[in-house]
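A short write-up of the structure that comes next.
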Amino acid sequence: MKTTLSFRDMTRQFAVSLRLLPLTILICSGFYVGIILLVAQGIPYSSSGSLVRAENGNVIGSELIAQQFSRPEYFWPRPSAVSWNAAGAGGSNLSPASLAIRQRTEKLLAELALKKGEKVPADLVTASGSGLDPHLSFAAAKFQVPRVARARGLAIAQVMKLLHSTKIAIPLVNESLVNVLQLNRALDRLQQ
Amino acid sequence: MSLLIVLVLIVPAFLSWPLGRAMTLLIDPRPNSTYGRWTSRIFSKTGGAAAVEEQDWKSYLFSMLIFNLLMFAFVTIVLALQQWLPLNPDGKGALEASLIFNTAASFVTNTNLQHYSGEVSMSYFSQLFGLMWLQFVSAATGIACLAALARALGGRKTVGNFYSDLMRTTLFILLPLALVVAILLLAGGVPMTLDGAVIAHTLEHATQTIARGPVAAMEAIKQLGTNGGGFFGPNSTHPFENPSFFTNIIECISIVLIPMAAVWMFGRITGRMRDAAVIFAVMMSLLLLKGAAALWLEGVPTAAFSGLPVEISSNLEGKELRFGSGAGALWAAVTTATSNGSVNCMHDSLNPLTGLVPLAGMWMNVVFGGVGVGLINMFIFIIVGVFICGMMVGRTPEYFGRKVETREMTLALLALLVHPALILGGTALFAATPAGAATVLNNGAHGFTEILYEFTSAAANNGSGFEGLGDNTVPWNVATGIVMLLARYIPIILPLAIAGSLAAKKPVPETAGTLRTDTLLFTFIIFGSVVFIGALLFLPVAVLGPVADHLAALRD
């Protein structure tokens with residue numbers, strides 16, 4: 001047992017650290033990463049980012065990442081504090097009691113052109129944490145059905161049927177969601 | 001909602017029991033076991049005799065500091081040279097000097113405060129060979145130091161060997177767990193690729209650059225090692241870090257799993273399982289209280305919507321929908337109870353009073369806490385509790401059969417005061433000068449809370465943030481860098497010094513007059529010393545920040 005720390009002891013310790021440090025790098029950053037990359041080869045779709053492709057193979061986006069939709073014939077995603085920048089994601093970081101959120105909400109409400117007495121689901125006027133939330137609540141999608149149907153010249157019932165077919169349930173809590181990109185692709189396919 | 005609590009808090013509590021047993025066998029093998037001899041032989045072959053010989057606490061700490069110094073040096077070099085290093089498909093450029101210092105300090109100290117945004121600034125090489133590697137070895141450092149503390153308190157003359165502990169923890173505890181979690185996350189849809197960003201042509205004929213990378217590998221150890229430093233800027237809110245309800249549960253369980261198991265490991269190594277159960281009960285009840293408080297406070301709708309035609313809902317600003325309501329608040333409680341610091345919602349956008357929950361967690365910093373170090377912090381509160389009781393009955397306090405005297409109490413109080421001194425001193429300085437005041441996003445009390453949160457997070461080695469703060473400035477980088485280093489090493493060194501000093505004393509026999517530390521009574525004493533000392537030290541700033549923020553919102 002070493003009870004005192006002599007200079008010789010210190011240099012000896014230093015030498016041990018110098019030898020073991022590269023070993024830990026090799027194991028943690030080499031071996032470990034290598035194994036996971038290998039496993040990832042088995043599921044190429046999700047491990048490369050769940051990319052959604054058009055018939056010609058071009059990448060349209062990612063199933064997991066929201067993209068901007070602003071035309072009336074598409075369902076719009078939740079607001080994004082980073083304008084759906086998937087190379088620099090982030091939230092608004094505004095206090096939920098702030099004037100800035102109130103002003104932003106008033107602007108969004110004007111764009112949504114509410115009918116008298118109508119209320120908008122909260123997720124349509126709140127920015128998500130990543131700014132890339134790919135989902136909408138079922139209620140928020142349903143809220144947009146009349147606009148989408150009108151812009152596309154479809155019956156409301158037809159769009160509602162499509163909406164129901166893309167509904168995703170969240171376990172445990174009594175909520176359901178829709179994936180905006182999937183829903184909009186399904187809409188486009190409907191009219192092809 | 002209650003099922004969610006069961007999933008993310010109760011399930012890991014059950015898993016922690018067998019894991020604590022396994023961790024004990026793996027880090028503190030019986031001298032004659034095959035595993036013990038076999039690993040010792042490997043370590044002495046690769047590292048030399050000094051990698052296996054028994055050390056006293058001073059020598060152990062010296063080894064720890066030397067190894068951590070080299071960790072710091074290596075990661076600094078990697079970050080400083082990243083523009084010339086491989087695995088940089090998106091051509092990330094050079095990093096600014098103070099940011100390199102801050103990031104190196106942050107990851108070496110297991111804090112993972114991030115003043116950069118991963119997908120904007122870091123090459124894959126920096127992420128994997130710099131930051132993710134540190135997420136393994138900094139976590140292993142904490143667990144190793146806890147093992148040393150436990151051996152000293154268990155009455156052993158030597159506290160083990162730092163290198164053996166570090167290697168055993170990295171190779172046989174963290175690595176297998178990380179592999180399991182990473183594969184579960186892969187199955188849940190987390191990407192893992194060395195290809196660079198992809199350019200998408202959207203349905204509305206715009207282009208969208210989608211950053212990706214080897215996320216799954218980092219995500220697993222980020223959670224397991226109470227690191228919290230994410231691959232992407234917005235951490236586990238990002239759909240690539242946390243794509244679904246399922247991955248959210250896996251990640252949330254991974255946050256508390258090892259900190260919980262560490263309590264049982266402590267009990268087994270010291271041979272005092274009843275004491276461990278007392279500590280576990282205190283930590284668990286504080287965690288449940290925090291979780292319940294956060295869930296309740298965050299169920300209140302966004303105040304800015306009052307009078308507007310918006311459906312009543314829980315606060316959704318800064319939240320992702322796929323985790324379900326309540327998941328954000330619960331995670332905020334868990335990630336700041338342990339010193340993890342990853343987020344699945346934006347803490348800056350929590351309701352003002354909910355923001356108090358993560359702050360309180362980091363002020364106490366013992367509700368399971370960081371891997372290893374959480375319990376080391378708790379040890380200080382226990383010593384204080386023992387001391388207060390000793391004073392009450394007029395008897396020299398004892399802990400684990402050793403007398404707690406002036407030297408130990410001086411060190412304990414010093415260790416106790418480092419944390420508030422760093423938080424309150426730093427906050428005062430930055431709130432009063434443009435260095436801090438000019439960098440806040442929100443006005444008034446909320447802006448003050450942004451500064452308070454940043455120093456709290458740095459001092460608790462947590463790493464989460466009120467991210468509205470523009471913190472990538474030289475003053476912020478330097479100040480929080482220094483705070484993280486002091487707040488990491490002082491609270492490891494002093495408790496080990498106390499334990500070393502206790503272990504050197506003659507054991508005193510337990511009598512009817514001994515204050516037992518494994519009883520229900522003592523459970524309340526620890527609970528009280530944690531809550532009262534935490535509350536007394538931080539109540540004034542809590543009122544200046546979150547409480548004032550809440551009251552101002554009511555007035556409007």
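No value in this document is a laboratory result; all are computed from the given coordinates. Source: prediction; values computed, not measured. Glycine also receives a Cβ, built like all others from the backbone with ideal geometry; neighbour counts cover every protein chain displayed.
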>> What aspartates and glutamates does B:K319 reach when the alpha-carbon gap must be under 12 Å and sequence neighbours fewer than 8 apart in one chain are set aside?
In response: A:D123, A:D133, B:E298, B:D348
> What FRET efficiency do you get for A:A169 and A:I43 if R0 is 35 Å and r is their Cβ-Cβ distance, rounded to the nearest 0.05?
Replying inline: 0.90
> Taking every residue in B:239-248, how many Cβ atoms of other protein chains lie within 10 Å of its Cβ, on average?
Replying inline: 5
>> Sequence gap at least 6, Cα distance under 8 Å: using those rules, report the relative contact order of segment B:309-381 to the nearest whole percent.
In response: 30
>> Between 0 and 90 degrees, rounded to the nearest ten: what's the tilt of helix A:138-152 against the longest Cα principal axis of chain A?
In response: 50
> Near B:F522, within a Cβ-to-Cβ distance under 9 Å, what is the net charge of the other residues, with Lys and Arg +1 and Asp and Glu -1?
Replying inline: -1
> Based solely on its DSSP helices, what 222 nm [θ] is calculated for chain A when runs of n ≥ 4 H residues each add -39,500 (n - 2.57) and the sum is averaged over all residues, nearest 500 deg cm²/dmol?
Replying inline: -13500 deg cm²/dmol
> Taking segment A:18-77, which GluC sites (Glu not before Pro) meet the DSSP loop condition and have no more than 10 other C-beta atoms within 10 Å?
Replying inline: A:E55
> Counting pairs of alpha carbon atoms under 8 Å apart in space and at least six apart in sequence, what relative contact order in percent does chain A give?
Replying inline: 19
>> Residues of segment B:518-556 with backbone nitrogen within less than 12 Å of a virtual label 7 Å along the Cα-to-Cβ line of B:S306, please, listed as ranges.
In response: B:550-556
>> Shape verdict for segment A:1-155, please, from the Cα gyration tensor: rounded (a/c under 1.5), prolate (a/b greater than b/c) or oblate.
In response: oblate
> Under a 5 Å amide H to amide H cut-off, with H placed in plane at 1.01 Å, what residues pair with B:N112 once short-range neighbours are removed?
Replying inline: B:F107
>> Taking R0 as 45 Å, what FRET efficiency do you get between A:Q103 and B:R395 from their Cβ-Cβ distance, rounded to the nearest 0.05?
In response: 0.10
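Nearest 500 deg cm²/dmol is fine: what mean residue ellipticity at 222 nm does chain B get from its DSSP H runs of n ≥ 4 alone, each adding -39,500 (n - 2.57), divided by its residue count?
-19500 deg cm²/dmol
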> For helix B:406-432, what angle does its Cα long axis make with the longest principal axis of chain B, in degrees from 0 to 90 and rounded to 10?
Replying inline: 10
> Can you pull the mean other chain C-beta count within 10 Å for peptide B:340-347?
Replying inline: 3
>> In chain B, if the dipole is taken from +1 on Lys/Arg beta carbons and -1 on Asp/Glu beta carbons about the Cα centre, which of B:T111, B:T158, B:A217 is farthest to the positive end?
In response: B:T158
> How about segment A:91-165: which GluC sites (Glu not before Pro) there are in a DSSP loop, with at most 13 other Cβ atoms within 10 Å of their Cβ?
Replying inline: A:E118
>> Along the Cα→Cβ direction, 7 angstrom out, place labels at A:S70 and B:A73. What is the inter-label distance in nm?
In response: 5.4
>> Could you sort the peptides B:415-423, B:4-12, A:125-133 by per-residue average Cβ neighbour count (10 Å cutoff), highest mean leading?
In response: A:125-133, B:415-423, B:4-12
> Packing-wise, with mean Cβ within 10 Å as the measure, how do B:325-333, B:33-41, B:276-284 rank, highest first?
Replying inline: B:325-333, B:276-284, B:33-41
> On average, how many beta carbons from a partner chain sit within 10 Å of the beta carbon of a residue in A:36-46?
Replying inline: 5
> Under the definition of Cα pairs under 8 Å and six or more residues apart, what whole-number percent is the relative contact order of chain B?
Replying inline: 18
>> Taking 32 Å as the cut-off for C-alpha to C-alpha distance, list the pairs among A:K107/A:K142; B:K45/B:K157; A:K161/B:K290; A:K107/B:K290; B:K290/B:K505 that go past it.
In response: A:K161/B:K290; A:K107/B:K290; B:K290/B:K505
> Restricting attention to segment B:323-403, which trypsin sites (Lys or Arg not before Pro) occupy a DSSP loop and are surrounded by at most 13 other Cβ atoms within 10 Å?
Replying inline: B:R395
> Can you give the % of DSSP beta bridges in the protein assembly as shown that are antiparallel, to the nearest 5?
Replying inline: 90
